[in-house]
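These notes concern the structure reproduced below.
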Amino acid sequence: MGALSCHLMVAMSLLVYGMILISGKQLTRASDLDVDHVIPLKWAHDHGGGAWSAAKKEIFANDAINLLVVDDGLNQKKGAKGPDEWLPPNRAFRCEYLFIWEQVLEKYSDLVFSHQGNLIFKEQFNSCSAPIEPYPGSTPR
């Protein structure tokens, strides 16, 4: 990935979680950033990934479709929560965030929501009425 692509991905990731656009917060240090697993590693472990081999866990942990560069404070607030407990504060990105969840769940089909979590996810996802533009690096629907 070239320098321009890297800067573009970081800028888009920051915009999606909303810190620059919503709060006006300026990030001045690299330590202000985290690489977020959209589907958190602990969530994956607790929802089917605990049975994976070490190799599959490593593949999942490094899979680019599940990674975003985000504000470290938001990543800490999110923790290991699924979309039934946490969504990005940038409302304009929530449908895209849910779309990324859907893509990752399709790729790792042995990850499953609880019954209640699945109902909430489907309700949230189905409320996204407009077509979703794929996030860079993701595959179109």
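Taken together, the values in this text are just the output of simple stated rules run on the coordinates, not laboratory data. Worth saying up front: this structure is predicted, and the values here are computed from it rather than measured. Cβ placement follows ideal geometry from the backbone for every residue including glycine, while neighbour counts extend to all protein chains displayed.
Round to the nearest 0.05 the FRET efficiency obtained for LYS56 and ASN118 when R0 = 25 Å and r is the Cβ-Cβ distance.
Once rounded, the FRET efficiency stands at 0.65.
Counting pairs of Cα atoms in region 35-114, how many percent are more than 19 Å apart?
Result: 30 percent of Cα pairs exceed 19 Å.
Could you calculate the contour length gain from ALA92 to GLN76, that is, 0.36 nm times the residue separation minus the distance between their Cα atoms, to one decimal place in nm?
Stretched out fully, the ALA92 to GLN76 stretch lengthens by 3.7 nm.
Computed FRET efficiency, Cβ-Cβ of SER109 and LEU41, R0 22 Å: what is it to the nearest 0.05?
0.80
Starting from region 72-114, pick out the trypsin sites (Lys or Arg not before Pro) whose DSSP state is loop and whose Cβ has at most 13 other Cβ atoms within 10 Å.
Sites meeting the loop and neighbour criteria: LYS81.
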